[in-house]
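To start, the structure under review is shown below, and the notes come after it.
The values are calculated or read from the model by the stated rules, or taken from the named source; none is laboratory data. It should be emphasised that the depicted structure is a prediction, and the values quoted were computed from it without experimental measurement. All Cβ positions, even for glycine, are placed from backbone atoms using ideal geometry, and neighbour counts span all protein chains on display. The area values use the complete protein model at the heavy-atom level, side chains included, leaving out ligands, DNA and RNA. Shrake-Rupley method; radii C 1.70, N 1.55, O 1.52, S 1.80 Å.
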Amino acid sequence: MPGVPNLEYVHADGLESCLKRHRNHVLGLVAFGTSLGEQYTKLQPSPLWVHIPVLGKEQVSFEVWSSANPVTACGRGNIVAQADGAVLFGGMQLEQPPGTTLEQITRQAYREIFSFVDDLGYPNLLRAWNYLPRINEPEHGLERYRCFNVGRHDAFISCGRSIDPENVPAASVLGCDGGQTVVYFLAARTPGKPVENPRQLTSYRYPEQYGPRSPIFARAMLWDAGDQHCLMISGTASIVGHETMHKGDVTQQGLEIMRNIRTLLEQAGMEGSKKGRMALKVYVRHAEDLAQAQALVEQEFGKELPSVYLLSDICRTDLLLEIEGYHTPSH
Ligand code: 3EB
């Protein structure tokens, strides 16, 4: 049994030993930071680079997905990918040429992803990460996050993926600097089980006030590798029902996020965050909120968990904080 993917967050000084340890077993490598040294571009697999400032002492932070089994490179077209026989990690960095729209870029990206995962026999999209330049700025009169939602929606429909639990992945959508849109994903041969949060409205039922097409994501995705399972927690914000709670108050937003994450762990049958291993990616809109975000995470999960803090715009302008997670039970 291949087991579930392993996730680590490492800094520059730990990258080499991490990649050595997982030689031929690295599913995916993502670099976060605003400048990436020349030496990193020669790595195998070559890292996707998301232009987001890392908060804290380090300039660059790496997200490393690895497998217990050897992986094979299997990219095609715009997609760089590795697969281990059960799970596939893929990613793409896309320019938006003058005269094109983010809606078009998104539609093409998701169409390419769907035909790729279908052709390779990993048709179940479990988890998607999306980083959009100028996420809160308008494009032809519509906020770019909402343009993204239109393109994503179109791609699901045109690729025959009805918008229901069977087809909806866990996801994150954040802003980034620079010009490139970055999309990466985990897909599997076997389906995952989407997990919804009873405190929150299902994303694809959001009312039209959030844009002409709804977002399409599950609040979390449970995936079973036979002997092990994992929970991929979507970007989680201070939203109850469909409404932003605690506008302007990062502490209260953080506490609301923790209630949402606790609920997801319960819904997934994972008794609580104390058992098992949690890794978190924390997105903070304002750098001055870092200390408060760290304090909230420590209070909930302790000091030891793997984590990275990024300075990032969030898809609603009234959200100050968003947290995604990857949970694997210990056994
Ligand atoms: C929310 O709950 C906050 O559009 O795929 C979080 C995770 C959010 C994923 C998406 C959006 C998405 O609506 C934003």
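Annotations for the structure displayed:
- When region 248-289 is reduced to its Cα atoms, the Kirkwood hydrodynamic radius in Å: 11.8 Å
- Charge dipole of the chain about the Cα centre (unit charges at C-beta), most positive-ward option of PRO198, HIS25, GLY56: HIS25
- Helical runs assigned H by DSSP (4 residues or longer) give the chain a calculated mean residue ellipticity at 222 nm of -7500 deg cm²/dmol, each run adding -39500 (n - 2.57) before division by the residue total.
- Note on region 275-331: antiparallel DSSP beta bridges, both residues inside, total approximately 60 percent of the bridges counted.
- Carbon and sulfur %, accessible surface of the chain computed with the full protein complex present, 1.4 Å: 48 percent
- Nearest-20 debye value, region 47-152 charge dipole, Cβ charges on Lys, Arg, Asp, Glu: 120 debye
- The count of lysine pairs in the chain that are at least 8 places apart or cross chains, and whose C-alpha atoms lie under 22 Å apart, stands at 9.
- Taking the DSSP beta bridges with both ends in the chain, the antiparallel portion is around 80 percent.
- Per-residue 3J(HN,Hα) values for region 61-72, derived from phi via the Karplus relation 6.51 cos²θ - 1.76 cosθ + 1.60 with θ = phi - 60°, read 9, 10, 9, 10, 9, 9, 10, 6, 9, x, 10, 10 Hz in sequence order (x marks Gly and Pro).
- Charges were assigned to the Cβ only: +1 to each Lys and Arg, -1 to each Asp and Glu. The resulting dipole of the chain about its Cα centre is roughly 440 debye.
- Of the trypsin sites (Lys or Arg not before Pro) found in region 1-63, the ones in coil according to DSSP and having at most 10 other Cβ atoms within 10 Å of their Cβ are ARG23, LYS57.
- Cβ-Cβ FRET estimate between ILE163 and THR317, R0 fixed at 30 Å, reported to 0.05: 0.75
- Under 10 Å, Cβ to Cβ, from THR101 - net charge with Lys/Arg +1 and Asp/Glu -1: 0
- Proximal charge balance of LEU7 [Cβ under 10 Å; K/R count +1, D/E count -1]: 0
- Per residue, the accessible area of region 1-67 comes to 47 Å², computed with a 1.4 Å probe over protein heavy atoms only.
- For the chain: Kirkwood Rh in Å [reciprocal of mean 1/r, alpha carbons]: 19.7 Å
- Residue-wise HN-Hα couplings along region 92-100, as the Karplus relation 6.51 cos²θ - 1.76 cosθ + 1.60 with θ = phi - 60° gives them from phi, are 8, 10, 10, 7, 10, x, x, x, 9 Hz; Gly and Pro carry x.
- Between PRO215, TYR122, VAL284, the Cα set farthest toward the positive side of the dipole of the chain (charges on each charged residue's Cβ, about the Cα centre) is that of TYR122.
- Taking all protein chains into account, the per residue accessible area for region 127-233 stands at 36 Å² (1.4 Å probe).
- About the Cα centre, charge dipole magnitude for region 147-303 (Lys/Arg +1, Asp/Glu -1 at Cβ), debye: 220 debye
- Charged neighbours of THR244, selected by a Cβ distance under 14 Å, balance to -1 (K, R count +1; D, E count -1).
- Among beta bridges that DSSP assigns inside region 196-329, antiparallel share in %, nearest 5: 75 percent
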